[in-house]
Amino acid sequence: MRQKIVAGNWKMNTTLQEGIALAQEVEALIAGVNNGAKVIVCTPFIHLTEVKKVLKKAALGAQNCASEVSGAYTGEVSAAMVKSTGAEYVILGHSERRSYYHEDDAMLAKKTKLALANGLIPIFCIGELLSERESGKHFDVVKSQLEKGLFDLSEEDFKKIVLAYEPVWAIGTGKTASSAQAQEIHKFIRDTVAAKYGQAVADLIPILYGGSCKPSNAKELFENPDVDGGLIGGAALVASDFNGIITAF
């Protein structure tokens, strides 16, 4: 069976003190949850070391890493630095990074290889804009992002990847892909992976849904055979809501 995962992306929210308190709340709520779901908390860089001290059941992740190993890159944080905090995961290719900071597929391929080389598990995001969905290009977009960002990896490295499908039109808008829409594209993503690496590898890869997932719709989304959990934004900042999504499995 594939790993069920709920990953919280805090984005640029919470002071260090607020982040520690939120992590403590999350840990208290998930302590009694035993449904096999892997819980990951992805915090701002400055929180990582301190939040790591709080986490017992949840795993720690970062929201990004640099595309270079080290050097004169003021303000950047390398994959090795992220790993040194105790983080196990790193979000790469989030739609906000692609859109606001113009991260392209070539850069994301470099970041992915650096993350893997440093023992981090990438949560690699793919997904289409509203205009791309409305023009029927959504399958082409996610296939291209997979091919250019990840398909240069060896089979062994690819098996370490967690994929997150983000309908960009549903992030922070209150819109959500229907359960049928989510299943349709998650299956397409799995089939695309199978065509490259084989069905056995495709069947191992968790594919998370990342578009306005809430306690009210998580159960319906997670019941789809190719939806293995969620990459959660806003709801991850409220411990009770985040726990409601975790217990939706």
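All of the numbers you see were taken from the coordinates with simple rules; none came from a lab. Here the structure is a predicted model, which is why all the values come from computation and not from measurement. Neighbour counts are summed over all protein chains in view; Cβ atoms, including those assigned to glycine, are modelled from backbone coordinates with ideal geometry.
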Q. So what is the 222 nm mean residue ellipticity for the chain from helices alone, if each DSSP H run of at least 4 adds -39500 (n - 2.57) and you divide by all residues, rounding to the nearest 500 deg cm²/dmol?
A. -12000 deg cm²/dmol
Q. What is the P(r) of the range 83-231, as percent of Cα-Cα pairs per 10 Å bin from 0?
A. 11, 43, 36, 9, 0
Q.
Quick query: amide H of G230 versus all other amide H atoms, modeled in the peptide plane; which residues come in under 5 Å with a sequence gap of 5 or more or a different chain?
A. I5, V6, A7, Y209
Q) What size of dipole, in debye to the nearest 20, comes out for the chain about its Cα centre when the only charges are +1 on Lys and Arg C-beta atoms and -1 on Asp and Glu C-beta atoms? A) 420
Q.
Just want to confirm a number: the relative contact order over the chain, from Cα pairs under 8 angstrom separated by 6+ residues, in percent.
A. 22
Q | Note, ³J(HN,Hα) from phi for the range 188-194, Karplus 6.51, -1.76, 1.60, rounded to Hz, x at Gly and Pro | A | 4, 4, 5, 5, 5, 5, 4
**Q.** Cα centroid separation, the range 165-228 to the range 1-53 (Å)
**A.** 21
Q: Anything over 19 Å Cα to Cα? Flag those among K83/K143; K111/K187; K110/K160; K83/K160; K11/K187, in the order listed.
A: K83/K143; K111/K187; K11/K187
Q. From the square roots a ≥ b ≥ c of the eigenvalues of the alpha-carbon gyration tensor of the chain, which class results: rounded (a/c under 1.5), prolate (a/b over b/c), or oblate?
A. rounded
